[in-house]
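Novice: Please find one structure pasted underneath; my questions will follow.
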Amino acid sequence: MKNIIISTIIFLSAAMLFARGNGKFKIDPEIIVYSDVVEVEDGGTIYLFDSEADVFISTKATNKMSVKATLEIEELPKEERLKFLKETTFEIVPFKKGKKIIFKTPEQKGSSGFFSILGLKLNSPPSLYKSVHILLPEKQSIKIENKYGDVVVKGVNGKIEIDNSSGKLTLKRNSGTALLYNRYGDTEIKNFKGNLDLKSTSSNLDLTNITGSVKIEASYRPIRLDSIYGTVEINTTSSAVSGKNISGDFTIENAYRQIELEDIGGSLKIKSTSSELKIRNVEKDVDIICNYQPARIDSVGGNLEISGSSNEIYARRIGGAVRVRNAYKPVILSDISGTIFIDSQSSEIEVTNSKQDVEIVSSYKPIWLKNVAGNVQIDGNSSKILMENIDGSVMVNNSYKEITGINISGAATINGTSCAVLLTNTMGDINIRNEYKSIILKGTGGSIKVRGNSSSIEISGVQNISGLEKIDLYTTYKPVSLQLPGNINPKIAVKTKYGKIKSAFPVYYLDEDIAGFDDNKDGVKVNIETTNDISITKKN
Amino acid sequence: MNDPIFDKAKQLQPIVPDDALWSKIEDDLIRESQQKRKNIFQMALAHKSWLSVAAVLIISFSYLAIYFNSAVNLDAKLLSTRAILKVELTEKNYMEAIALLEKRAENQLGQIDNELMFLYRDKLAMIDTQINQCREAISKNPGNAHIRKYMLAALQDKKHTLTEIINLEIRGDS
Amino acid sequence: MARVAITQRQENIKPYSEQELILQCQAGKVAAFKEVYNLHSTLLYSIAIRLLGKKEDAEDALQNTFSKLFKNIGQFRFQSKFSSYLVRILINGCYDIIEKRKYDFEPLENFELGQANQTDLKLSLEKAIACLPLKMRECFILFAVEGFKQSEIAEVLEISEGTVKAHIFQARLKLREFLQE
């Protein structure tokens, strides 16, 4: 019996709680509509301030503006309701060169006090929702300050000034100029003719089909641009930016977030702290300052300049000159029509298909050049160097790592410190200074001058050599081996201190005075000096 | 005690247990917890007079659970009180998650480079401003779905940002 | 007529203080134990692995610690530091493991470190600490590595502060000796 009594008491308590609640828990909102129609003059401005409402603006061919304001309010006791509605204002008044719409509900106070501390909102203000629909003539300007509501503007031709907070901002088919500031709400602009100046805080921005210049100052949310027929200037703290079909110049300042752009008709300037870059099809120059993240650039009509540090850089199909400053990460270039200058410490460098001169300053990491139509100049340090199919001349300074050249049409000048040198098919004059490591030349077509120190010299495949050319080889401690074509009549002078001389051609022995060699005689002049063996063979 | 041994000892790094360890411990605790409940149930059986009380309580809580767990339509212009309660519970959950994440994020912010640190601090300050503004607006208009939606979005944004900070790779570690 | 809402307001919700967290643990909430784990597991695990030398043993010790904490948290009366309370449970657990497996420490070769980037010098200090006798090791780890006060160590290990001092002094001498070798 005792149990039944206890159970009943608890059950009844719970039931009372819900019963009490249900009387109030259910909202049966009341909707009150205000409306007015006024005449407006072309070129005037419509103002709406502090609206805290959803605002919808559209246009029609008329000289009148009609406004419908809706107030949706939760069920209130009769007296409170009357008081609230009495204090609510809706009116349209003349203001500056236009009209001001006033739609105000009484100032409400937040709940506080003892019950609020307990978590019970006993005196909370009534909940309400407002909206304003404005239909106006096309040639009007608008100025709106709103918060906690969406703003939609369609078909207006004039100056559009909107400052909105915590609501979505949508502009469609408008023209004129727009000054927009949106905080904490997405912004979508489509089919706008005129210049846009957009400031946003934490808004996703989506702009499509804008005929005019676009200026954006944004913070953290993504920016998406599509079909902008004008210049674009973006300054963002950390927004990812994606854009395509931009006809004018494009400037971006950004930090950290990805930038992905495609089909830019003008030039492109990017200044970023650490954004990953993906760029495709820029008609004019590209100028990039960026660090740490990879930069991928494909197809630029003008020059490309990248100043980075620790970026992986991939660039291809560049119509103009390329200048790269970088460090530590690879630089990979291909199909470059202009000159190339790369200054990159500890970066692996790869250049293929360059139509003009290539100049590289680098260290420690490999350098690989393939198919260069111009001259090559490399200032390396401990870099393994491989050059293939170079139409111009080659000038290389390097140390410790090997230098390999294959098919060099011009001259080759190499200044190495302890570099193994292997040149195959070098048609121009060869001038080499080196120490300690071997020098091997296979297939040569011009004069050869080698100054070695403890470097062995091995030369074969000498061709197209005439009396105008000269072969001048000097080294110490290591042997010299030279293979000459059988159909020439060389004038050979040799000198060795400790080695043997073996020659298929007649030679002059110049033990003391090398200057005694007669330069004026006809035939290819060959001069060899070492302290080791000398071998001269004939290729039949 | 300026002994180099103490200096070196202070520099010894803390050793972090494997991530999987917590799940083992959690299994233990859940088992213990179930055991405790089993014991309580056995005690209750021994005192049958309370069973009916428990039954009423269970029914009441089930009602409350259903009441709170029904879906909230944020597309409505004004929220019902039930929806407000549901939204406030969600907000509370976010706040709790944020409080936990904040401690870890604060440590991480001390280790990243200054520029990035200021960037994230600015962002968090901006989100806090938004949360405070929404909170003030809610106190004046508690059932407005639009404001509630933006409040939740800001809380979600803060949680996401803190998680992003915690997951940042610290440059120069390698 | 006014609206009734029964939830707490946003501004009243604050991150848990340690006291609130313990109260939540005392209410049996597993999530609160997880937070305790997040806050203290690195300290506990560092001590356990330096005392026991084996990863599996250290994990067992931590698991036992939380199991005991779950059973006994109701008896915690906020009279000592919570971290000291946890370390006391941990060290008692470590004694059990040592007693059960009948060895003191398996130090050098099997020593497993969570971090790989410590210097050789620090590694050799780790090894040297591992060679200390158990009590000395406990006192040194808590004092020099984890930064406990000597009074706290005395409370945790249930020995006098003088004994703690003596152990730390002896540990220092021995370590110096080991490191010079």
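Novice: Give B:A54, B:A20 a once-over and let me know the one that is at pLDDT 70 or above, closer than 27 Å to C:A32 by Cβ, out of contact with any strand residue (DSSP E or B) (no Cβ under 8 Å at 6 or more places or on another chain) and open to solvent by 30 Å² or more (accessible area, probe 1.4 Å). Steps first, answer last, please.
Specialist: Working: B:A54 fails: at pLDDT 70 or above.
Answer to the selection: B:A20.
Novice: Specify which of the listed residues (B:I165, B:I131, B:I127, B:I138) is in contact with a helix residue (DSSP H, G or I) (Cβ under 8 Å, 6 or more places away or on another chain), farther than 21 Å from A:S165 by Cα and open to solvent by less than 30 Å² (accessible area, probe 1.4 Å). Walk me through how you get there before you give the answer.
Specialist: Working: B:I131 fails: farther than 21 Å from A:S165 by Cα; B:I127 fails: farther than 21 Å from A:S165 by Cα; B:I138 fails: farther than 21 Å from A:S165 by Cα.
When all the criteria are applied, what remains is B:I165.
For (1) closer than 21 Å to A:I288 by Cα; (2) at pLDDT 95 or above; (3) open to solvent by 10 Å² or more (accessible area, probe 1.4 Å); (4) of a type in the set (V, I, T), each residue gets a yes or a no:
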| position | (1), (2), (3), (4) |
| --- | --- |
| A:F192 | no, yes, no, no |
| A:N209 | no, yes, yes, no |
| A:I216 | yes, yes, no, yes |
| A:Y229 | no, yes, yes, no |
| A:I234 | yes, yes, no, yes |
| A:S247 | yes, yes, yes, no |
| A:F250 | yes, yes, no, no |
| A:D263 | yes, yes, yes, no |
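Novice: How many residues are at pLDDT below 85 and of a type in the set (A, V, I, L, M) when one looks only at region A:114-149?
Specialist: Looking only at that region, the number is 4.
Novice: Name the pairs whose Cβ atoms lie under 7 Å apart, with the first residue in region C:51-64 and in contact (Cβ under 8 Å) with a residue 40 or more places away in the chain, the second assigned to a loop (DSSP other than H, G, I, E, B) and open to solvent by less than 10 Å² (accessible area, probe 1.4 Å), and 6 or more positions between them or separate chains?
Specialist: From region C:51-64, no pairs qualify.
Novice: In this structure, is A:L196 farther than 21 Å from B:H146 by Cα, among the aliphatic types (A, V, I, L, M), open to solvent by 60 Å² or more (accessible area, probe 1.4 Å) and under 29 Å from the mean Cα position of the chain (by Cα)? Break it down into steps so the answer makes sense when it comes.
Specialist: Values: farther than 21 Å from B:H146 by Cα: yes; among the aliphatic types (A, V, I, L, M): yes; open to solvent by 60 Å² or more (accessible area, probe 1.4 Å): no; under 29 Å from the mean Cα position of the chain (by Cα): yes.
No.
Novice: Could you tell me which numbered condition C:F78 fails, if it satisfies all but one of (1) more than 14 Å from the chain's Cα centre (by Cα); (2) under 20 Å from C:G28 (Cα atoms); (3) part of a helix (DSSP H, G or I)?
Specialist: For C:F78, the failing item is (3).
Novice: Let me confirm something: among A:K470, A:K500, A:K437, which residue is at pLDDT 85 or above and touching an Asp or Glu at 6+ places or on another chain (Cβ under 7 Å)? Break it down stepwise before answering.
Specialist: Values: A:K470 fails: touching an Asp or Glu at 6+ places or on another chain (Cβ under 7 Å); A:K437 fails: touching an Asp or Glu at 6+ places or on another chain (Cβ under 7 Å).
When all the criteria are applied, what remains is A:K500.
Novice: Does region A:171-185 hold any residues that are open to solvent by 10 Å² or more (accessible area, probe 1.4 Å) and assigned to a strand (DSSP E or B), and which are they? Full working, then the answer.
Specialist: From region A:171-185, those open to solvent by 10 Å² or more (accessible area, probe 1.4 Å) are A:172-173, A:175-177, A:179, A:181, A:183-184; that's our starting set.
Scanning region A:171-185 gives A:K172, A:R173, A:S175, A:G176, A:T177, A:L179, A:Y181, A:R183.
Novice: Next up: Tell me which strands (runs of 3 or more DSSP E) are completely within region A:346-396 and hold 1 or more residues being more than 16 Å from A:S334 (Cβ to Cβ), or say none if there are none. If you could, list the steps in order and put the result at the bottom.
Specialist: Values: elements: A:349-354, A:358-363, A:367-372, A:376-379, A:385-390.
By residue number, A:358-363, A:376-379, A:385-390.
Novice: Going through region A:326-339 one residue at a time, which ones are at pLDDT 95 or above and farther than 15 Å from A:I297 by Cα?
Specialist: Within region A:326-339, A:G338, A:T339 qualify.
Novice: Could you please find all residues in region A:153-170 being more than 18 Å from A:G194 (Cβ to Cβ) and open to solvent by 30 Å² or more (accessible area, probe 1.4 Å)?
Specialist: Within region A:153-170, the subset more than 18 Å from A:G194 (Cβ to Cβ) is A:163-168.
A:D163, A:K168, listed by residue number.
The values are calculated or read from the model by the stated rules, or taken from the named source; none is laboratory data. This structure is a prediction, so every number in the text was calculated from the model and none was measured. In this analysis, Cβ positions are derived from the backbone assuming ideal geometry, glycine residues included, and neighbour counts consider all displayed protein chains. Remember, those area values only see protein heavy atoms, side chains included, never the ligands or the DNA or RNA. Shrake-Rupley method; radii C 1.70, N 1.55, O 1.52, S 1.80 Å.
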